[in-house]
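Notes for the one structure printed next.
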Amino acid sequence: MNLDRYKLKRAEYFARKLNKLNAYLSAGGKQQEENEEGKEAGTAAQTPEQAREAYLIRCPKCGMMVNRERVVRRKYICYECGGYFRVKVHNRLRMVADPHSFEPWFTDMPLCNPLEYEGYEDKVTQAREKTGLDEAVTVGRCKVFGEDIMLGICDSRFLMASMGHVVGEKITAAIERAIEEKLPVFLFCCSGGARMQEGIISLMQMAKTSAAIQKLGEAGLLYCTVLTDPTTGGVTASFAMLGDVIMAEPGALVGFAGPRVIRQTIGQELPEGFQTAEFLVEHGIIDGIVRRESLKKVIYFLVKAHQGREGAYAQFVPGREFHFVLNEILKEKTFQVEPKNAWEKVKAVRRVERPQACDYMEHIFDYFVESHGDRSFRDDPAIVGGIGFLDGQAVTVIAEHKGKDIKECQKRNFGMPMPEGYRKALRLMQQAEKFHRPIVTFVNTAGAFCGIEAEERGQGEAIARNLREMAALKVPVLCIFIGEGGSGGALATAVGNEVWMLENATYSILSPEGFASILWKDSSRASEASEVMHITAQDLKKLGVIEKIVPEFGGADATTVAAIGGYLKEQIKDFLLRFQGMDGVEIAERRYERFRKF
């Protein structure tokens, strides 16, 4: 069917629908029809307004009446504004679980009324009858593209998905069973907060579920949460915010105290977009936003990326002979004049046009998914981090990113990290250790940002903690200098088992200008200082500070980035093979001895 004919058919279809609706409303609404919940037709005559609801539904974001069928086909997303509707348990299961694979757990837990609150049991009974659910959370086992997971889903229709004893008990018991069966855990969170009718017993569920998640972590199993609209109160302050990976649906309201509580309690006016999923990403609280059309694929990706040591190196063949063929573009390249001395190299690596880590990563990793935030203050754009796949091997990747034009450079603070950037990097490295993932860092920074806000947030402490924690990591760590390496700000992501440098990269105690200014009281002697400081890859290889010099094939630029990336890919695979089967304690000890010799 061609496009014009398809459009004509669609127009005729919606015209028939509209005529049918108008005729129905004119007749007084006597037609009988199934409602959305699947009740039998013919139970009662509908009013015109009820008949209209059978075809139309109001968007919670833009307020428009939209076609119900179209919204359902779009996974309950408004086609006018992109607003997300709240989703029932069975619809969420259709989105993420393989067909007929969900096996519910703990469906017969008895009702709990610890305070003997009057009318509470009737309220729960009514919620059960209305929703067809036994409680506000449904838990069980299912498959996602054939991979087994433990899945939990909160449903806001059941007493606003508030957390009482049964909710806490189901989540805790499900986590304990997931530990026994060695399953990763995924929870779709939604809640208005504590179950007030249960008082202090509801509060205790926060500690109970958090303690269970700690045990899940000790077992080395993955825990991920997806925050949906709304997620507030005790759920936010417990199991929702403890994921190894925390995601949220677009526009979801997420916070400890809801906006109405804040306004009524302390009278603060709230800024536009406050407590939205996007707000949380900007402030470094969650890893990122996930759209419904990608949910199932993202869950599968996370399962495969966190399967631990038994999946490591599976795609690599030990002893495979290394071959590398120069990129066809490179063969046609008119080679630029390579930098001859240290000062020329300093100027070369400072060029905005020089490739960034993301440029090389496109040629090294099959795909890369970024994580955001330090979980406490902000997402620092000067450091990019996440999980990449290298021929099937999951690798944690951390990179300083300067930017590719002046606007992006300003946004990323010219690649000079703040304390929260180093804390984000450390969070991702600790997660890599938990799941036995190797770590690759790309270093390219003039240094850590120096300024009032950096000092207020503890720049020195953040760098020091990274140095200490990286030294003890029980997974292989490879650090690659692709541009500038400035002082402790560069070292904070460069405590590796091996350190490599591109042939024109630099690594120094501070900038040549700073060196000349401090020692000679004359910053104009920067060129002379760069020679005295021994900052080039060739100098540092002789000093034993680095293990490998990576060729640039005439100079790193747009025409050589594919060749350099391809070379790095093969070399990184060889690096990983050298650590195959090595005990984590030995890996950390080798790293200690590497730096001990200095």
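Within region 154-202, the set of residues being in contact with a strand residue (DSSP E or B) (Cβ under 7 Å, 6 or more places away or on another chain), touching a residue at least 60 places away in the same chain (Cβ under 8 Å) and β-branched (V, I, T) comprises I171 only.
Scanning region 162-187 for residues that are farther than 15 Å from V124 by Cβ and part of a strand (DSSP E or B) returns V185, F186, L187. Within the option set L295, L270, L253, being touching a helix residue (DSSP H, G or I) at 6+ places or on another chain (Cβ under 9 Å), open to solvent by less than 70 Å² (accessible area, probe 1.4 Å), more than 26 Å from G386 (Cα to Cα) and not small (G, A, S) holds for one residue only, L270. Within region 225-237, being surrounded by 22 or more Cβ atoms within 10 Å (Cβ to Cβ) and either without any contact (Cβ under 8 Å) to a residue 40 or more places away in the chain or not polar (S, T, N, Q) (or both) holds for T225, V226, L227, D229, P230, G233, G234, V235. Taking the criterion of being over 26 Å from the mean Cα position of the chain (by Cα), among the aliphatic types (A, V, I, L, M) and open to solvent by less than 30 Å² (accessible area, probe 1.4 Å), no residue of region 76-119 qualifies. Under the condition of being assigned to a strand (DSSP E or B) and of a type outside the set (A, V, I, L, M, F, W, C), which residue from region 470-487 is most open to solvent (accessible area, probe 1.4 Å)? Ranking the candidates gives E484 first.
D380 - would you say it is touching a residue at least 12 places away in the same chain (Cβ under 8 Å), open to solvent by less than 40 Å² (accessible area, probe 1.4 Å), under 28 Å from N504 (Cβ atoms) and in a helix (DSSP H, G or I)? Here the answer is no, as D380 does not meet what is asked. Across region 151-173, the qualifying residues are those that are buried (at least 24 other Cβ atoms within 10 Å of the Cβ) and aliphatic (A, V, I, L, M), and the one among them that is farthest from L93 (Cα to Cα) is M163.
Restricting attention to region 561-598, the residues that are closer than 17 Å to H363 by Cα and out of contact with any Pro (no Cβ under 8 Å at 6 or more places or on another chain) total 11.
All conditions in (1) surrounded by fewer than 17 Cβ atoms within 10 Å (Cβ to Cβ); (2) within 22 Å of F279 (Cα to Cα); (3) not polar (S, T, N, Q) hold for V352, with the sole exception of (2).
Considering region 537-568 alone, what residues qualify as being among the acidic types (D, E) and touching a strand residue (DSSP E or B) at 6+ places or on another chain (Cβ under 6 Å)?
Looking only at region 537-568, we keep the residues that are among the acidic types (D, E), and these are 539, 547, 552, 557.
Answer for region 537-568, where residues must be among the acidic types (D, E) and touching a strand residue (DSSP E or B) at 6+ places or on another chain (Cβ under 6 Å): E547, E552.
Within region 447-481, the residues that satisfy the criterion of being modelled with pLDDT of 95 or more and β-branched (V, I, T) are V475, V477, I480.
Among residues of region 569-581 being over 25 Å from R354 (Cα atoms), out of contact with any strand residue (DSSP E or B) (no Cβ under 8 Å at 6 or more places or on another chain) and not polar (S, T, N, Q), the one that is surrounded by the most Cβ atoms within 10 Å (Cβ to Cβ) is F579. Among the residues of region 366-377 satisfying the criterion of being open to solvent by 10 Å² or more (accessible area, probe 1.4 Å) and touching a residue at least 40 places away in the same chain (Cβ under 8 Å), which is farthest from G421 (Cα to Cα)? Taking the candidates together, the pick is V369. When only residues in region 177-199 that are farther than 20 Å from F158 by Cα and over 24 Å from the mean Cα position of the chain (by Cα) count, which is most open to solvent (accessible area, probe 1.4 Å)? By that ranking, first place goes to E180. Close Cβ contacts (under 8 Å, 6 or more residues apart or on different chains) running from residues in region 412-431 that are within 15 Å of V281 (Cα to Cα) and open to solvent by less than 40 Å² (accessible area, probe 1.4 Å) to residues that are not in a loop (DSSP other than H, G, I, E, B) and not polar (S, T, N, Q) comprise E420/A462; G421/I383; K424/I383; K424/G385.
The values are calculated or read from the model by the stated rules, or taken from the named source; none is laboratory data. Nothing here was measured: the structure is a model prediction, and the numbers come from that model. Don't worry about glycine lacking a Cβ; one is built from the backbone with ideal geometry, like all the others, and counts go over all protein chains shown. Calculation scope for accessible area: heavy atoms of the full protein, side chains included, ligands and nucleic acids excluded. Shrake-Rupley method; radii C 1.70, N 1.55, O 1.52, S 1.80 Å.
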